[in-house]
Every structure is written in structure tokens, then in C-alpha cells.
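Below is one structure, written out as C-alpha cells; comments come after it.
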Amino acid sequence: MLGYAARAVPWMRVAVAAILVVVLMELVRWDAWMLWPLQGTAVGLLAAAAAWCFDEQAGIVVDVAPRTLAWRSASRGLGVLVLFLAWVAVVLHAGDTALFGHRNAVLLQGLAALVAGAGYACWRRSLGEPMPGLLFAGVAVPATTAWALLHPFDEHLVVFPYGSASETDWQVSVIGWSLLGVCAAVLIAAALAEAPWWGRGHAHRGGLPTRSV
């Protein structure tokens, strides 16, 4: 499993993403009132990098190989573990005060983003798509950055609360991120268990049948 992970995970991209997340959160710690939107960018980058971990350039080959998707995904999960450790470390280092007294809420955002990125990628891989992470990353990072800057729909859906946000806003955000994480975890479990209701075994790439395993 370790040997497969060493070859399959895009470690350079994972490492760059982890470093960027640390840099962004250190900037937030330095001046949270001015640079708080960077926290949203960091969360989006976590989701993107988690999805990258499951991209398979040779999907048309490995999807019909004996190793199951569950086994390969578990191996690739080591890349997500690196991102998890980087996020936990940088948030704990930032501390509660620098994060407007809501360190745990910020920590949850990153963890939910990791599960969401992995969930989307596993779902698309179960359908035979070889590299879902590239498309996901192209949407996730700009979307979270824009949301953190503009705060649309804050009256109804608070995603990245600011320092001046009420306790209720923070609670709404925690509930939303928790639901996202739970739904993404269910998606991962269903994808890796070959849930038949989304077309197991019917996806084709390049003329060869792929196996959602």
C-alpha cells in the first residue's frame, strides 16, 4: 500500500498545497482583521488538494486491474493525511485568539473541506472519471475565495463568519460544515461500496469498460 501511494499520489502538488495552506493561515494569524478571506482560500485549497490525491492518469488501465477502488483510495488517503496534519498543526498554532475565539469552528471547516474533496473525487472515480480533482480544484479554490471575500447570502447561509459575526452566525456555519462533512463521508462510503444506484459497471472510458470497485 505504501509503495502504491508513493507512486500514485501527486506528492509535489500535495506538498505545495500544504505549504500554501500554512502560509495563508500564518498570514491570517498575523492580521486576521485584514486578511481573514485568506482563511477561505486555505479551506478551498484543502478541498482541491484532497481531490487531487485521487486523480488517476492511467484510470483506463487501473480500473480494470485486480486492485479495488477501495484499496487504491485507501492508499491515496495518505496524501489527505498529510493535508490533515498540516491543517491541524497550523490552526492549533494560530490559537483561539487569532481566530476570533472560534478555533474549533475554523478547524472544522478545513476538516469538512478535506472530506468533501475526497468524497467528490471518490464518487467521480467510481463512475470511471480518471482525473476529477483537476476540474474540482478549478472550481473550489476560486469559489471559496470569492465567498470569503463577498459573503453572499450571509443572511441565510453563513459559510465563513468574520470576526464581527454573531455567535448565531458561527453556530450556523458549524452546522453547515458539519452537514457537509457527514454527507461527504456517506458519499465516500457509498462510492467505495459500489452503490448500484449510480450505475456501477456501466461507465466507459476510451472504449474499455471500467470497474467501479
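The values are calculated or read from the model by the stated rules, or taken from the named source; none is laboratory data. Keep in mind that what you see is a predicted model, and the values were worked out from it rather than measured. Glycine gets a Cβ as well: all are built from the backbone with ideal geometry, and neighbour counts include every protein chain shown.
Taken residue by residue, the range 38-51 has no member that is under 25 Å from residue 184 (Cα atoms), surrounded by 17 or more Cβ atoms within 10 Å (Cβ to Cβ) and touching a strand residue (DSSP E or B) at 6+ places or on another chain (Cβ under 7 Å). Can residue 92 be described as within 18 Å of residue 22 (Cα to Cα), without any contact (Cβ under 8 Å) to a residue 40 or more places away in the chain, surrounded by fewer than 16 Cβ atoms within 10 Å (Cβ to Cβ) and not small (Gly, Ala, Ser)? Judged against the criteria, residue 92 is a match.
So, in the range 166-196, how many residues would count as being outside any loop (DSSP other than H, G, I, E, B) and acidic (Asp, Glu)? The total comes to 2. Just so you know, in the range 139-162 the residues that are among the small types (Gly, Ala, Ser) and in contact (Cβ under 8 Å) with a residue 24 or more places away in the chain include one that is farthest from residue 113 (Cα to Cα), and it is 148.
Per the listing 98, 140, 105, the residue uniquely in contact with a Gly (Cβ under 6 Å, 6 or more places away or on another chain) and of a type outside the set (D, E, K, R) is 140.
Taken over the range 1-31, the criterion of being at pLDDT 95 or above, of a type in the set (Gly, Ala, Ser) and surrounded by 16 or more Cβ atoms within 10 Å (Cβ to Cβ) is satisfied by 17, 18. Screening residue 73 with (1) crowded, with 18+ Cβ neighbours inside 10 Å; (2) modelled with pLDDT of 90 or more gives one miss only, at (2).
For the range 76-122, enumerate the residues that are more than 24 Å from residue 165 (Cα to Cα) and touching a Pro at 6+ places or on another chain (Cβ under 8 Å). Reasoning before the result, please.
Residues of the range 76-122 more than 24 Å from residue 165 (Cα to Cα): 76-86, 89, 114-122.
Hits for the range 76-122 are 79, 120, 121.
Summed over the range 38-53, the residues that are in contact with a Phe, Trp or Tyr (Cβ under 9 Å, 6 or more places away or on another chain) and either modelled with pLDDT under 95 or of a type in the set (D, E, K, R) (or both) give a count of 1.
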